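Right, one structure below, let's go through it.
Nothing in this text is a laboratory measurement; each read-out follows from the coordinates by a stated rule. This one's a predicted model, so the numbers in the text were calculated from it and none came from an experiment. All Cβ positions, glycine included, derive from the backbone under ideal geometry; neighbour counts span all protein chains shown.
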Amino acid sequence: MIKDRLTKETLNELYTINECSLQDIANDFDCTKVYIAKLMKSYNIPRRSKSNARKLAVAQGKIIGHSRNYVNEKFFDKWSDEMAYVLGFLYADGCITHNTISASQKEPEILFKVLKAMDSNCKVRESNTREIFAFHLCDEYLSNSAREKGLIERKSLTMTYPNIPEEYERHFIRGLWDGDGSIMIGKNGYPSVSFVCGSLEFITMLKERLEYHGMRVGNVNPDHNAYKIRLSGFEQCDKMGNFFYLGVDELYLNRKHEKSLMISAIYKNQ
């Protein structure tokens with residue numbers, strides 16, 4: 001049944017966080033817009049006002065006669081450092097629905113950088129109900145091209161690791177980490193880097209690829225409704241920092257970059 005797949009949490013994420021329309025959601029789940037509206041009512045998920053719905057449709061280029069956002073629609077056609085990073089970020093924090101690619105973050109900084117890399121004038125909007133920022137790129141060619149690189153609908157639990165040219169893989173993984181990774185120094189004074197993913201197949205392959213690139217990675221462990229891998233200690237975190245940032249100018253989350261530099265400085269002065 002559709003209701004078994006479209007839980008309250010999933011529907012709320014699609015509608016409230018990713019700002020998909022009722023019709024977008026209906027298209028993805030092969031049902032009617034009326035059914036989605038009834039399901040939202042049963043879940044007590046508040047609907048957007050007509051004026052807010054129209055503003056969102058205009059911003060996403062869905063209303064004829066209004067200017068739509070510009071984006072380099074061929075961005076995903078050819079591998080590059082920037083393309084690999086953006087693809088990794090969208091694998092972690094992106095959503096593709098029909099012909100729209102969306103991304104949301106609590107920190108708008110990285111959204112602006114991603115849009116700049118994609119040569120897009122799309123606006124980053126702040127949610128009216130949550131402290132979260134998002135953008136929506138409505139382009140059929142761009143969406144289909146992203147699908148060819150493995151970015152699929154409802155990807156969280158089913159996505160698989162894409163076939164990436166080795167020279168671009170570190171950029172893909174950096175984007176993935178900026179979306180769904182963390183770096184911290186524990187109470188014991190030792191640092192760690194971690195990745196979280198809902199797909200066991202994906203994170204298992206990610207672990208193998210990190211080990212291929214010289215990192216020592218801990219076991220895949222359950223983490224609530226997802227899976228986590230961790231690299232621990234100054235040496236491994238320093239290796240990861242060099243892997244991520246060597247020769248990279250600005251396409252990264254500043255907060256994580258600064259923490260990585262601090263850990264590397266401590267390691268080199270030990």
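Tabulated values for the structure
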{"quantity": "Sequence of 145, 21 once ranked by neighbouring C-beta atoms within 10 Å, starting from the fewest", "calculated": "145, 21"}
{"quantity": "Set of lysines with alpha-carbon distance to residue 187 below 23 Å, sequence-local pairs under 8 removed", "calculated": "228, 239, 256, 259, 268"}
{"quantity": "Cα gyration tensor category, rounded, prolate or oblate, for segment 112-270 with a/c compared to 1.5", "calculated": "prolate"}
{"quantity": "190, 161 arranged by Cβ crowding within 10 Å, fewest neighbours leading", "calculated": "190, 161"}
{"quantity": "For the chain, calculated [θ]222 nm from helices alone, where every DSSP H run of n ≥ 4 adds -39500 (n - 2.57)", "calculated": "-13500 deg cm²/dmol"}
{"quantity": "Relative packing of peptides 219-227, 6-14 - highest average C-beta neighbours within 10 Å first", "calculated": "6-14, 219-227"}
{"quantity": "Prolate/oblate/rounded label for segment 81-148 (Cα gyration tensor, a/c 1.5)", "calculated": "prolate"}
{"quantity": "Neighbour-count order for 200, 176, fewest beta carbons within 10 angstrom listed first", "calculated": "200, 176"}
{"quantity": "By average C-beta atoms within 10 angstrom, highest first, the peptides 41-47, 105-111", "calculated": "105-111, 41-47"}
{"quantity": "Gaussian network model of the chain, Cα within-10 Å springs - most flexible of 95, 31, 197", "calculated": "31"}
{"quantity": "The chain: angle of helix 254-268 to the longest principal axis, Cα-based, in degrees nearest 10", "calculated": "10"}
{"quantity": "Segment 2-59: C-alpha gyration tensor shape, a/c 1.5 cut-off, then a/b vs b/c", "calculated": "prolate"}
{"quantity": "Alpha carbon centroid spacing (whole Å) that separates segment 30-51 from segment 167-198", "calculated": "36"}
